[in-house]
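One structure below.
The values are calculated or read from the model by the stated rules, or taken from the named source; none is laboratory data. Treat the numbers as computed from the prediction; the structure is a model and nothing was measured. Cβ placement follows ideal geometry from the backbone for every residue including glycine, while neighbour counts extend to all protein chains displayed. All accessible areas refer to the heavy atoms of the entire protein, side chains included, with ligands and DNA or RNA removed. Shrake-Rupley method; radii C 1.70, N 1.55, O 1.52, S 1.80 Å.
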Amino acid sequence: MQIVIADATATVRKGLKIFLEQQPGWRVAGEASGALELLCAVGMQCPDLVLFDWELPGMPAASLIAALRHMCPRAVLVGLGGCREQRLQAERLVDGFASKAESAEKLLALIHTALLPGKPVAFTV
């Protein structure tokens, strides 16, 4: 499975990459620190999964998600955030949403749920 990770903080991206690549068959194919960089990475890779910070610099989340859906409609989109308002907005827009404070195990379970056929919506917070 090809994954693109987007977060403005390099240490967050690095931690996610190390964690996700421990899963058999999973590979982080791209990283981004902002919305435009994410759009470029997705345009080049069309990954299976995009894991992104809900407050990624450069574009409002709703606009970014619309662009990602247009560029790569089959990609599973999972947002990461920290507040209830983000979760409420995410319910209508993405395949999954997790709190940044969530444990690695819960994040992995949420991703697995979001990857199931039929794209069920998976949320924490």
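The table for this structure:
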item: Tally, over the range 21-70, of residues that are in contact (Cβ under 8 Å) with a residue 60 or more places away in the chain and either surrounded by 16 or more Cβ atoms within 10 Å (Cβ to Cβ) or closer than 19 Å to LEU93 by Cβ (or both); result: 3
item: Selection status of GLU85, of a type in the set (Asp, Glu) and over 21 Å from ILE18 (Cα atoms); result: yes
item: Options GLU85, GLU91, GLU105; residue that is open to solvent by 60 Å² or more (accessible area, probe 1.4 Å) and under 14 Å from the mean Cα position of the chain (by Cα); result: GLU91
item: Strands (runs of 3 or more DSSP E) enclosed by the range 1-91 - at least 3 residues per element that are farther than 18 Å from GLU102 by Cα; result: 2-6, 27-32
item: Failed criterion for ASP48 (all others in (1) touching a helix residue (DSSP H, G or I) at 6+ places or on another chain (Cβ under 8 Å); (2) over 25 Å from THR11 (Cβ atoms); (3) not aliphatic (A, V, I, L, M) hold); result: (2)
